[in-house]
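In what follows, a single structure is set out as structure tokens and then discussed.
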């Protein structure tokens, strides 16, 4: 689960998000690399006066984590994810997309902790846009996100 809130770069609005990510399959490629496939549902909300104030994004993504052990029970990680996304609307506040197709891009860092290193806390940036496939492509951003997770 994650929550974020930030001003929209290049826009006159603030965006908030709450998201649930599920890592479907993980492969430990080495002691320092983990590759995963995942799915996400993100609810975005804005304080903008014009346009839609809420949208939902459904995403599928591959994710790469680079791991660094810190002692016996802690692992620092860097994460990158990019994948196709369906947006429930083409507009959030004053931000427009040409279609409901977008890409989720996410970068961040965090730490696994606990006896089995199954719990995590992370900080990341999340961006949705169509990668300039079509115009308009204003993009939707939440710069500051905090996540908590647990692997079962």
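Hey, can you tell me all the residues within region 120-142 that are under 18 Å from the mean Cα position of the chain (by Cα) and either more than 19 Å from residue 86 (Cα to Cα) or not in a strand (DSSP E or B) (or both)? Correct list: 120, 121, 122, 123, 124, 130, 131, 138, 139. In region 1-25, the residues that are on the phi < 0 side of the Ramachandran plot and without any contact (Cβ under 8 Å) to a residue 60 or more places away in the chain form Cβ pairs under 7 Å with partners that are buried (at least 17 other Cβ atoms within 10 Å of the Cβ) and in a loop (DSSP other than H, G, I, E, B), at six or more places apart or across chains, as follows: 14/8. Residues that are part of a strand (DSSP E or B) and crowded, with 17+ Cβ neighbours inside 10 Å: does region 68-76 have at least one? Yes: region 68-76 contains one or more residues that are part of a strand (DSSP E or B) and crowded, with 17+ Cβ neighbours inside 10 Å.
Of the residues making up region 33-67, those that are outside any strand (DSSP E or B) and either within 15 Å of residue 110 (Cβ to Cβ) or at pLDDT 95 or above (or both) are 47, 48, 53.
Residue count for region 88-119 under the criterion of being part of a strand (DSSP E or B) and either over 14 Å from the mean Cα position of the chain (by Cα) or surrounded by fewer than 16 Cβ atoms within 10 Å (Cβ to Cβ) (or both): the result is 12.
Return yes when residue 82 is touching a strand residue (DSSP E or B) at 6+ places or on another chain (Cβ under 7 Å), at pLDDT 95 or above, surrounded by fewer than 15 Cβ atoms within 10 Å (Cβ to Cβ) and in a strand (DSSP E or B) and no when it is not. Criteria not met by residue 82.
The values are calculated or read from the model by the stated rules, or taken from the named source; none is laboratory data. Everything numeric here is computed off the predicted structure, so don't read it as measured data. Note that we place each Cβ from the backbone using ideal geometry, even for glycine, and neighbour counts take in every protein chain shown.
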